[in-house]
Amino acid sequence: ETAVFQTPNYHVTQVGNEVSFNCKQTLGHDTMYWYKQDSKKLLKIMFSYNNKQLIVNETVPRRFSPQSSDKAHLNLRIKSVEPEDSAVYLCASSLRQGAEQFFGPGTRLTVL
Amino acid sequence: DAKTTQPDSMESTEGETVHLPCSHATISGNEYIYWYRQVPLQGPEYVTHGLQQNTTNSMAFLAIASDRKSSTLILPHVSLRDAAVYHCILRVQGTGSKLSFGKGAKLTVSP
């Protein structure tokens, strides 16, 4: 099956903990993204990678860091979570920059 | 990306053809009109996009006004699976490729 896969589906943690989310795409795409979707369903870009190179880094707190081992994987680490980090984190990929994006199912983070 | 305006919600019945409007009065000449949709507990799904000419694919028909200040996503013969929040957004291709969604228009489909 070719798609965008994310793990875990859900994660509940406490303030100050570190979390890591994984994303893998089997579509053969060159570009991958991380988005944050809040409780009002507003979607905001966080990071974008093209062939393992960071190309977009929106203004996000420094506790967020993306990690790419190859162009099919883009993970997201949050060093010390805060309550406002509670959201759905969506990973996406596209064949190239500017092409339509395909999304994974998201990871729902709840910070207590 | 420039702003778009959509109705908050629309209702339909299975089998109907649905017209989802989108206003983008301040669209720039190099901005494409993209449509995505999203159902609960899933990521957004690409529907279609266009620049100036009407476009069609297996999911929908996109009608773009001649002045490009508005567009309409036309969903023929909707089914229950078409119930979703539909997002109309504007993008300049190649500029970091980022997407930004607003509230979108919630389409309800009744049996």
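The values are calculated or read from the model by the stated rules, or taken from the named source; none is laboratory data. Treat the numbers as computed from the prediction; the structure is a model and nothing was measured. Please note: Cβ atoms are built from the backbone with ideal geometry, for glycine as well, and neighbour counts cover all protein chains shown.
So, in region A:40-96, how many residues would count as being farther than 24 Å from B:G104 by Cβ, within 14 Å of chain B (Cβ to nearest Cβ) and touching an Asp or Glu at 6+ places or on another chain (Cβ under 8 Å)?
Residues meeting the conditions: 4.
Going by the conditions given, is B:Q42 more than 17 Å from B:A105 (Cα to Cα) and out of contact with any Ser or Thr (no Cβ under 9 Å at 6 or more places or on another chain)?
no
With respect to the numbered conditions (1) assigned to a loop (DSSP other than H, G, I, E, B); (2) surrounded by fewer than 19 Cβ atoms within 10 Å (Cβ to Cβ), which one is the sole condition not fulfilled by A:S20?
(1)
Kindly indicate whether any position in region B:10-26 is within 9 Å of another protein chain (Cβ to nearest Cβ) and in contact with a strand residue (DSSP E or B) (Cβ under 8 Å, 6 or more places away or on another chain).
no
Tell me, yes or no, whether region B:21-28 has at least one residue that is closer than 23 Å to A:S94 by Cβ and β-branched (V, I, T).
Scanning region B:21-28 turns up at least one residue that is closer than 23 Å to A:S94 by Cβ and β-branched (V, I, T).
Which of the following residues is in contact (Cβ under 8 Å) with a residue 24 or more places away in the chain, surrounded by fewer than 13 Cβ atoms within 10 Å (Cβ to Cβ) and of a type in the set (A, V, I, L, M): B:A25, B:A60, B:A105?
B:A25 is the lone residue from the list that is in contact (Cβ under 8 Å) with a residue 24 or more places away in the chain, surrounded by fewer than 13 Cβ atoms within 10 Å (Cβ to Cβ) and of a type in the set (A, V, I, L, M).
Which one of these does B:Q38 not meet: (1) within 12 Å of chain A (Cβ to nearest Cβ); (2) surrounded by 20 or more Cβ atoms within 10 Å (Cβ to Cβ); (3) farther than 20 Å from A:L43 by Cβ?
(3)
What do you reckon, is A:V88 more than 15 Å from the chain's Cα centre (by Cα), part of a strand (DSSP E or B) and modelled with pLDDT of 90 or more?
When the stated conditions are applied, A:V88 does not pass them.
Name the pairs whose Cβ atoms lie under 6 Å apart, with the first residue in region B:66-86 and more than 13 Å from B:S12 (Cβ to Cβ), the second of a type in the set (A, V, I, L, M, F, W, C), and 6 or more positions between them or separate chains?
B:R68/B:I27; B:K69/B:A25; B:S71/B:C22; B:S71/B:I33; B:S71/B:I64; B:T72/B:A63
For B:P7, indicate whether it is loosely packed, with under 15 Cβ neighbours inside 10 Å, of a type outside the set (S, T, N, Q), part of a loop (DSSP other than H, G, I, E, B) and modelled with pLDDT under 90.
It is false that B:P7 is loosely packed, with under 15 Cβ neighbours inside 10 Å, of a type outside the set (S, T, N, Q), part of a loop (DSSP other than H, G, I, E, B) and modelled with pLDDT under 90.
Determine which member of the set B:I33, B:I89, B:I74, B:I64 is among the β-branched types (V, I, T) and under 18 Å from A:Q37 (Cα atoms).
Of B:I33, B:I89, B:I74, B:I64, the one residue that is among the β-branched types (V, I, T) and under 18 Å from A:Q37 (Cα atoms) is B:I89.
Can you find a residue that is in contact with a strand residue (DSSP E or B) (Cβ under 8 Å, 6 or more places away or on another chain), within 12 Å of chain A (Cβ to nearest Cβ) and either not charged (D, E, K, R) or not in a loop (DSSP other than H, G, I, E, B) (or both) anywhere in region B:63-84?
The answer is yes; a qualifying residue exists.
Restricting attention to region A:38-79, report how many residues are β-branched (V, I, T) and without any contact (Cβ under 8 Å) to a residue 12 or more places away in the chain.
So the answer is 1.
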